[in-house]
Amino acid sequence: MTLATDQNLDLDKLSPTARRMLELRDEILWEWAERVRQSVKEAEQLPHPILINTFPSLYDNIAEAITPGYPRATGNESNTVASEHGGERARLTNYNVHSVISEYQILRWTIFDVLKANGVQLNDEEIYRINASLDGSVREAVNAFALAQLALRERFVAALTHDLRNPLSNAKLAAQLIEHSSDLGRIKEFAGKIVASLDRMDGMIQDLLDSARFQSGERLRLHLEEFDIQQLAEEVCGQFTFAHGPRFQLLAQSAGVWWDREAVKRAMENLLGNAVKYGASDTPVRIKIDSVHGRVILTVHNEGEPIPPEQMESLFQVFQRAAAAREGNKEGWGIGLPYVRSVAESHGGSIEVDSADHHGTTFLVSMPADARPFQHVPILEGE
C-alpha cells in the first residue's frame, strides 16, 4: 500500500524499481530529515511532523511516475502536494524561498544516494522522471510559498485596519460630543472615553507588532481531545451507509490523535458529502487512514469526472464553485471545502487534492497526530 495521492492500492501496477523505492521510503525520508536539519538553519528546531510535511505523498507519487506506462508522468502531476508544502512552510515556519528550494535539492540527492547505497540502479528514464518531478515541485512550492506570504501580509494589514476602526470611531464620536457640550462633567466623561479608546488602540497595535509574523490568520477555536480516528471514521461511514447504501469502503487501523473531534467529524462529513454529490453514483467511495512520521493522513476517494487543474485551488475559497457544479445546476462547493481547509490548517496541517481522468478524485487531509503544539499557528482561509 502506498501513500500516493491517487490511492493506488495495487503494488503490482508498479515497476520493480518503484516497489523497491517504496520499501526504502522511511530510510530515505529519515535521512532527508537529518540532512535538512544540518543544512537548513530554519529547519533545525522544527518538530518532525511539521518538517516531513507532504513529502511522503510526493515521494510515493515519484515512485509511480518512474513506472513505465503508469498514468502519472511526474510526481506533481494532477495534484497540489507541492503547493500545499509551500503554503505550510509560509504559515508554520520562518523559512525563506531559499530554504524551500534547498529542501527539494536535498531530497533529490538523498533519493539518489540511498538508492545507490542499497544497490538500486536507476536507468536514464527513471532519473529523468525523478528530476522532472522535483523540478516541477520546486516551482509549485515556491510559487505557493510566495502567494501565502503575500496573503499573510495582506491579512495582517486587514486585521490591523479592521480592529482599529472601532476604538478610533469611539474616540472620534467622543471628541465630536465634547465640541458641542458645555457641561464640564460630560466633557470629562467624553475625554475619559477618548483616553480609553486610545489606550485600547495602543494595546492592540503593540499586540499586533509583537506577533506580526503570525497574527494575520483567522482560525477555528479548537477543543482538542484524545480519541481514535478509526472509531470516528467508522461512525461517519456508518451514517453515510445508512443514508446512501453500502458504497463506503474504510481502510484504516487504530490511530490515537489529539484533535478537535467535532471539527474533524464535520470536515469528514463534508468530504464524504462531496464524494457522494460529485462522484459517479455506481462506484465506491473509499476512506483511507495512514499514520506516517507523526502525521495522520485521511483520504477520501471517488471515481467520476475530474476537477480541472485550473479550478483546484478555487475549491477551497469561500463561495467559489467548480465549473462542473455550476453546469450541473447543483449547489456550489460553498463553505464546505474551505471549512475542511480551515480545520486542517488550524491543526497545523493541510488539505490536498488529486484529480484526473484515469484515477478519479482524492482529497487528502494531513495533520500532526498531536496537534496541541500547533493550535495557534496562522491559517490562510477563515471559516
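Okay, residues lined up against (1) under 20 Å from PHE112 (Cα atoms); (2) open to solvent by less than 10 Å² (accessible area, probe 1.4 Å); (3) more than 19 Å from the chain's Cα centre (by Cα):
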position	(1), (2), (3)
LYS13	no, no, yes
ILE28	yes, yes, yes
GLU77	no, no, no
GLU88	no, yes, no
Exercise for review: Would you please name the residue that is farthest from the chain's Cα centre (by Cα), looking only at residues in region 173-202 that are of a type outside the set (Gly, Ala, Ser) and open to solvent by less than 70 Å² (accessible area, probe 1.4 Å)?
Suggested key: ILE187
Check your understanding: Counting only residues that are in contact (Cβ under 8 Å) with a residue 24 or more places away in the chain and over 18 Å from the mean Cα position of the chain (by Cα), which one in region 42-59 is surrounded by the fewest Cβ atoms within 10 Å (Cβ to Cβ)?
Key -> GLU42
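Hey, among ARG247, ARG221, ARG165, which residue is in contact with a helix residue (DSSP H, G or I) (Cβ under 9 Å, 6 or more places away or on another chain), at pLDDT below 95 and open to solvent by 90 Å² or more (accessible area, probe 1.4 Å)?
ARG221
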Practice item. Specify which of the listed residues (GLY349, GLY382) is open to solvent by less than 20 Å² (accessible area, probe 1.4 Å) and at pLDDT below 90. Key: GLY382
Review point. Across region 253-271, which residue is modelled with the highest pLDDT among those that are buried (at least 20 other Cβ atoms within 10 Å of the Cβ) and closer than 21 Å to MET1 by Cβ?
Key: VAL257
Revision key, fill the gap. All-but-one check, ARG72 against (1) among the charged types (D, E, K, R); (2) open to solvent by less than 60 Å² (accessible area, probe 1.4 Å); (3) part of a helix (DSSP H, G or I), failing number (3)
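How many residues does region 1-12 hold that are in a helix (DSSP H, G or I) and in contact with a helix residue (DSSP H, G or I) (Cβ under 8 Å, 6 or more places away or on another chain)?
Of the residues in region 1-12, 1 are in a helix (DSSP H, G or I) and in contact with a helix residue (DSSP H, G or I) (Cβ under 8 Å, 6 or more places away or on another chain).
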Review point. Which of the residues that make up region 290-335 are modelled with pLDDT under 50, farther than 30 Å from ASP370 by Cα and open to solvent by less than 50 Å² (accessible area, probe 1.4 Å)?
Key: ALA322, ALA323, ALA325, GLY328, GLY332
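The values are calculated or read from the model by the stated rules, or taken from the named source; none is laboratory data. Values in this document were obtained by computation on a predicted structure and should not be read as measured data. So basically every Cβ, Gly included, is an ideal-geometry build from the backbone, and we count neighbours across all protein chains shown. Ligands, DNA and RNA are excluded from the accessible area calculation, which covers all protein heavy atoms including side chains. Shrake-Rupley method; radii C 1.70, N 1.55, O 1.52, S 1.80 Å.
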